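Student: A single structure is presented below for examination.
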Amino acid sequence: MTLADEDLRDAIRRELPRVRADLERLIRIPGVAFDGFDHAHVERSAHAVAELLRDCGLDVHVTRADGQPAVIGRRSAPPGAPTVLLYAHHDVQPAGDPMLWDGDPFEPVERDGRLYGRGAADDKAGVMAHVAALRAFGDRLPVGVVVFVEGEEEYGSGSLDRLLELNVELLHADVIVVADSDNWDIGRPALTVSLRGVVSCFVEVATLHNAVHSGMFGGPVPDALTALARLLSTLHNENGEVAVDGLTRSEQSTTDWAEDRFRREAGVLDGIILLGGGRLTDRVWNQPAIAVLGIDAPRTGEAPNALVPRARAKLSVRLAPGDNPQTAYAALREHLEKHVPWGAHLSVIAESLGSPCRIDPTGPAYDAARSAIIEAWDGTAPVEIGIGGSIPCVATFQQRYPAAAILVTGIEDPYCAAHGPNESLHLGEFARTCLAEALFLRNLAG
């Protein structure tokens, strides 16, 4: 017998205290998949997720493919019912400078209706939204489910293709729900219909065999740090638009941010000029962007009075939907080779490539999702949005399972500070997200 709306509301309300307690336990595990961190914590995180899924009655195993551990749980569909893959990831971004946090990044604390801690929103809330929906149904789950919780999404999903290859039949589903995106605002739910791709790479220039005295040789001898700075400055024009030829651009947004809201959400300082042109949503969702994420060079307090022989930068290039990461990387290399100054020796090494994607938001699965979201948000329909960031699994799922409907749902909100200090989850919106997923599974079965 199918559970009615009020039954599911009551079930979610009943389960939320335990769901929150389990979310806090996950937040306390610093599972960072980046090199240089203790990956035993990622292992602990995977096994903690596996335990939660077993408690929901799923057949669960922890698996890996030349990378960090993922968790797969499955429960067969009732006769004639579809199977839904529920995706999230249990790894988190590094916490960064602890002095920028108001407390311990891995000790959750509630303030003003928000739960603070690294991973509280991105994406341990996604894991627990799936758990909440499964717990709400108990033994009366109306669809088949496969829960796939990745362990290195924040580190680029390097082993995802191999994981899918090894588990292609186990992960097969009619509908895929990726719980790792944004809502338009608090009280305004969203469905994500496009995502930018990414090229992450290292750029190094060298001008000397070794450091030399800046007074004895400075003038005719170029130092690598200045050469690198000049090279990086060629990536944008005077308006801050990307100046690399060959990258795709599109102008498709029908909605936009108010500039004051956008500045507030981004934390832009007074007087700073926003880069590029056109709608802000197009600049974030449908245009390429290049950022310098870091530079390897002597620290100012330790720098000797010497010319720097080599310097290295890490670049992040976000790609508009419709672009190709391989051709975009080739275009970036060509630009850098053309503009490297003074004959400096150049090295460009790719770290990771991720494809952008567009999602067709039509069909029965989307009808079921919109109905569920409208019910959970008390009559508010979801906004169709793009995302400036990348979720590598979405394009991979599109390629691997072309017949499956893919929904990218909102866990975060504009104020959650994902990837930054004081990341947080709005607890009221999280409750709505859990209810919407339960309603969606019920609607899909019907």
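The values are calculated or read from the model by the stated rules, or taken from the named source; none is laboratory data. Only a predicted model underlies this, so the values are computations on that prediction, with no experimental measurement involved. FYI the Cβ positions are ideal-geometry reconstructions off the backbone, even for glycines, and counts take in every protein chain you see. To get the accessible areas, we keep the full protein, side chains included, count just its heavy atoms, and leave off ligands, DNA and RNA. Shrake-Rupley method; radii C 1.70, N 1.55, O 1.52, S 1.80 Å.
Student: Can you give me the C-alpha center-to-center distance between the stretch 1-69 and the stretch 359-401, rounded to a whole angstrom?
Tutor: Their Cα centres are 22 Å away from one another.
Student: So what's the stretch 187-246 giving for Cα Rg divided by 2.2 N^0.38 Å, two decimals? All intermediate terms of the calculation are to be shown ahead of the outcome.
Tutor: Details: Rg = 19.6 Å, N = 60, 2.2 N^0.38 = 10.4 Å.
Normalised by 2.2 N^0.38 Å, the Cα Rg of the stretch 187-246 equals 1.88.
Student: I've got another one for you. Give the carbon-plus-sulfur fraction of the accessible surface of the chain in %, rounded to a whole number; probe 1.4 Å, heavy atoms of protein chains only.
Tutor: Solvent-exposed carbon and sulfur of the chain make up 50 percent of the total.
Student: Two-decimal Rg/Rh of the stretch 29-123 from alpha-carbon positions, Kirkwood Rh?
Tutor: 1.05
Student: Got the relative contact order for the stretch 7-137 handy, in percent, Cα pairs under 8 Å and 6 or more residues apart?
Tutor: 31 percent
Student: Could you give me the radius of gyration and the Dmax of the stretch 38-80, taking only the C-alpha atoms into account and expressing both in angstrom?
Tutor: Radius of gyration, then largest Cα-Cα span, for the stretch 38-80: 12.3, 45 Å.
Student: May I have the pair-distance distribution P(r) for the stretch 189-305, computed from all Cα-Cα distances with 10 Å bins from 0 and rounded to whole percent?
Tutor: 10, 31, 28, 18, 10, 2, 0
Student: Let me ask you something else. Can you list the HN-Hα couplings for the stretch 141-154, worked out from phi with the Karplus curve (6.51, -1.76, 1.60; θ = phi - 60°), rounded to whole Hz and with x for Gly and Pro?
Tutor: 4, x, 10, x, 10, 10, 9, 10, 10, 6, x, 8, 4, 5
Student: Rank by packing, highest mean first: peptides 404-416, 8-20, with packing defined as the count of other Cβ atoms within 10 Å averaged across residues.
Tutor: 404-416, 8-20
Student: Under Stokes-Einstein, with the Kirkwood radius over Cα pairs standing in for Rh, what whole-number D in µm²/s applies to the stretch 355-394 at 37 °C and 0.692 mPa s?
Tutor: Details: Rh = 11.8 Å.
For the chosen part, D equals 278 µm²/s.
Student: Shifting gears a bit: Give the peptides 283-290, 374-381 in descending order of average Cβ contacts within 10 Å, highest first.
Tutor: So the order, starting with the most tightly packed, is 283-290, 374-381.
Student: Further question on the same structure: Once you place label points 7 Å from the Cα toward the Cβ at Val268 and Asp59, how far apart are they in nm?
Tutor: 5.3 nm
Student: Next question. Check which residues have an amide H placed less than 5 Å from Val109's amide H, if you skip close sequence neighbours.
Tutor: Result for Val109 returns Tyr116.
Student: So with the 1.4 Å probe, I'd like the accessible area per residue for the stretch 110-170, rounded to whole Å².
Tutor: Values: 1740 Å² over 61 residues.
That works out to 29 Å² per residue.
Student: Using 0.36 nm per residue, how much length does the chain from Met216 to Asp10 gain when fully extended, once their Cα-Cα distance is taken away?
Tutor: Values: separation 206, 0.36 × 206 = 74.16 nm, distance 7.76 nm.
Extra length available between Met216 and Asp10 comes to 66.4 nm.
Student: Continuing with the same structure: Note down the nm distance, to one decimal, between modelled labels 7 Å out along Cα→Cβ at Ala291 and at Phe202.
Tutor: Reported label-point gap for Ala291 and Phe202 is 2.1 nm.
Student: Follow-up. Relative to the first principal axis of the alpha-carbon coordinates of the chain, what is the inclination of helix 124-137, with its axis defined by its Cα atoms, in degrees from 0 to 90 and to the nearest 10?
Tutor: Here the helix axis deviates by roughly 10 degrees.
Student: Follow-up. Once both labels are modelled 7 Å past Cα along the beta-carbon direction, what's the His172-Ala403 spacing in nm?
Tutor: So the label points at His172 and Ala403 sit 0.8 nm apart.
Student: Compute the label zone of Ile186 within the stretch 107-129: residues whose backbone N is under 16 Å from the point 7 Å along Cα-to-Cβ.
Tutor: 110-117, 121
Student: Assign unit charges at the C-beta atoms only (+1 for Lys and Arg, -1 for Asp and Glu), then state the dipole size of the chain relative to its Cα centre in Debye, rounded to the nearest 20.
Tutor: 300 debye
Student: Now a separate question. Whose amide H sits under 5 Å from the amide H of Ala33, counting only residues 5 or more places off or on another chain, with H placed in the peptide plane?
Tutor: Placed amide hydrogens put Val92 under 5 Å from Ala33.
Student: Can you compute the label reach from Thr362? Point 7 Å from Cα along the Cβ direction, backbone N cut-off under 19 Å, restricted to the stretch 383-410.
Tutor: What the label zone holds, given the 19 Å backbone N cut-off, is 383-386, 402-408.
Student: Between Thr254 and Asn239, what length in nm is gained on full extension when 0.36 nm per residue of separation is reduced by their alpha carbon distance?
Tutor: Extra length from Thr254 to Asn239 when fully extended: 3.1 nm.
Student: What number, rounded to the nearest 500 deg cm²/dmol, is the helix-based mean residue ellipticity at 222 nm of the chain, given -39500 (n - 2.57) per DSSP H run of at least four residues and division by all its residues? Show your work: numbers first, answer last.
Tutor: On the way: 12 runs with 144 residues, N = 446.
Helices in the chain give a 222 nm mean residue ellipticity of -10000 deg cm²/dmol.
Student: Still on this structure, please answer the following. In the chain, what percentage of the DSSP-assigned beta bridges are antiparallel, given to the nearest 5?
Tutor: Among the beta bridges of the chain, antiparallel pairing accounts for roughly 65 percent.
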